[in-house]
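The values are calculated or read from the model by the stated rules, or taken from the named source; none is laboratory data. Remember, it's a predicted structure, so these values are computed and weren't measured experimentally. Don't worry about glycine lacking a Cβ; one is built from the backbone with ideal geometry, like all the others, and counts go over all protein chains shown.
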Amino acid sequence: MPSEEQSLVQMLGISPKSLRVLDIAIPAQVQMGYFMISLSIRKLEKLIPFDELTLKINNPLEYDNLKLILVSLARHGSVDAYRILEHFSNQTDNIDLKQWCLMALQECRMLLESELMNEQLVYFSSPLGSRDNKPRYQVIIFRPLSHTIKKKEFVFIEQEILDICAMSNCILDDIYYKKNYVSLLLFIPLDIIVEQFLISLIETINDTLQHYFSEHIICTNMKQYSARKITNTINKIYAIKDNE
C-alpha cells in the first residue's frame, strides 16, 4: 500500500508526462458507471464492429443502449470514432448522455495518443475538474468555534495563499470566508504531496497570525461542499475533539 505522503504520480508509479488529467468536471457516479462498462468491454474477445455502432448511435430505438454504444466507440480508438463521438456530444441535449460522451471522447483520445506516441498514457479524472493537468481541490481551513475571521485578516490570508501558490506552481481558483472558516478552490500539480502542501500553508499563516487556524483541514476533490455542509463538518470535528 502506498504511503499517504506521496504525490499522485508517485502512488501510480508513472512519469508525470504519461498522466493526463481531464479538464472537465464529471460526477463521481458517472465516472464509476462509465469505467465499469469500459472494463466489461475490455474483457470481450472482440469489439462490436465499428459500422454496426455507427448505425446504432443514430437509431432512436437504441436509446437504452446508447451508453454501451458510446463506450464501445471509444474503445475502437480511431479518428473516425472520435469524430462520431464529438458530433454526438455537440448534438445531444441529454446532460447524462453528454457526460458519458465526454468520458468516451477522453478515452478515445487516450488510445489515439498512446498509439501515436508509442507510449502508454494514463488518464485521471477528478469530479471537480482540472486545469493545466492540475486536479482541482476544495480546501477548508478554519478557526476554533469561538473565534471569527475579520476582513483585514482575510485580506492578509488571501495574499499569503496567493504567494504560496505562486511559489508552488498551484493556482488559486476561488476563495471566500465565512464566520470562522476560509474555503479555497485550488489547482494542485500532480507531483505535489497535497497533505504536506496544505500543512505547510497552514503553518506559514500561523507563524504570522500566531496559531490562527486549526491544524485540522477539510480537503476533497469529489464534490464541492456547501456552506451548510462545511459548518456541520467543522462542528463534528470539534465534537470529536471534545470527546477525546
Legend entry - Matching entry among 234, 205, 230 (being in contact with a Lys or Arg (Cβ under 8 Å, 6 or more places away or on another chain), on the phi < 0 side of the Ramachandran plot and assigned to a helix (DSSP H, G or I)): 230
Legend entry - Pairs where the first residue, in region 208-230, is basic (Lys, Arg) and the second is at pLDDT below 90 and assigned to a loop (DSSP other than H, G, I, E, B), C-beta under 7 Å, 6+ apart: 223/127
Legend entry - Of all residues making up region 168-202, the number that are part of a strand (DSSP E or B) and either acidic (Asp, Glu) or out of contact with any strand residue (DSSP E or B) (no Cβ under 9 Å at 6 or more places or on another chain) (or both): 2
Inset, instruction - Being small (Gly, Ala, Ser) and under 16 Å from the mean Cα position of the chain (by Cα) is the filter; apply it to region 102-161 and report the residue that is farthest from residue 226 (Cα to Cα). - result: 125
Inset, instruction - Would you mention how many residues in region 155-190 are on the phi > 0 side of the Ramachandran plot and in contact with a Ser or Thr (Cβ under 9 Å, 6 or more places away or on another chain)? - result: 0
Inset, instruction - Six or more apart or on different chains, Cβ under 8 Å: which pairs go from a residue in region 44-56 that's free of Cβ contacts under 8 Å to residues at least 40 places away in the same chain and assigned by TED's automatic domain parsing to the domain that holds residue 77 to one that's in a helix (DSSP H, G or I) and of a type in the set (Asp, Glu)? Could you list them? - result: 50/80; 56/62
Legend entry - Single unsatisfied condition, residue 205 versus (1) aliphatic (A, V, I, L, M); (2) surrounded by 14 or more Cβ atoms within 10 Å (Cβ to Cβ); (3) under 25 Å from the mean Cα position of the chain (by Cα): (3)
